[in-house]
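Here's the structure, in structure tokens; my notes come after.
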Amino acid sequence: MIWKVRWIWMDTCKPSLDGRMGCRDECLNRMLNIECVRGTCPCGDLCSNQQFQKRKYSKLKCFPCGKKGFGLQLQEDIPKGRFLIEYVGEVLDMPAYKA
């Protein structure tokens, strides 16, 4: 017999009463490094924990770095701890890099 279990994560955030963005430091999803799910977060459009879904990336510029390939440079000042961008590439160790 095969059992299938489906988890439904309930967001514990509460919408801000003064119109500010919700899902701040007290957001359980944020503490667990999980994005709130659009459409299920109680903060709705004021949820600040949907960076990937809303494609809210910092302004970056790609530039050549010689034989190392390319680098990224921020094009704006940002506060400490702000989300930059998701890296979805291979990380090479030194022997692979030298090859």
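The values are calculated or read from the model by the stated rules, or taken from the named source; none is laboratory data. Just so it is clear, the model here is predicted, and its values are computed rather than measured. Because the Cβ atoms are built from the backbone with ideal geometry, glycine has one as well, and the counts that use them run over all protein chains shown. Areas reflect the complete protein model, heavy atoms only, side chains present, ligands, DNA and RNA absent. Shrake-Rupley method; radii C 1.70, N 1.55, O 1.52, S 1.80 Å.
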Problem - Filtered residue count, the range 34-84, keeping only those that are on the phi > 0 side of the Ramachandran plot and among the aliphatic types (A, V, I, L, M) - result: 0
Problem - Tally, over the range 45-62, of residues that are at pLDDT 85 or above and either closer than 20 Å to residue 14 by Cβ or open to solvent by less than 70 Å² (accessible area, probe 1.4 Å) (or both) - result: 7
Exercise for the section: Quickly run through the range 26-62 and pick out the residues that are among the basic types (Lys, Arg) and either touching a strand residue (DSSP E or B) at 6+ places or on another chain (Cβ under 6 Å) or touching a residue at least 24 places away in the same chain (Cβ under 8 Å) (or both). Expected result: 56, 61
Fill in the blank from the handout: When residue 40 is run through (1) surrounded by 10 or more Cβ atoms within 10 Å (Cβ to Cβ); (2) under 17 Å from the mean Cα position of the chain (by Cα); (3) in a loop (DSSP other than H, G, I, E, B), the failure sits at (2)
Fill in the blank from the handout: In the set 84, 72, 92, the lone residue that is in a strand (DSSP E or B) and either touching a Pro at 6+ places or on another chain (Cβ under 8 Å) or of a type in the set (A, V, I, L, M) (or both) is 72
Handout entry: Unique match (being aliphatic (A, V, I, L, M), surrounded by 10 or more Cβ atoms within 10 Å (Cβ to Cβ) and at pLDDT 85 or above) among 72, 92
Key = 72
Practice task
Return yes when residue 77 is of a type outside the set (Gly, Ala, Ser) and modelled with pLDDT of 80 or more and no when it is not.
Solution key: yes
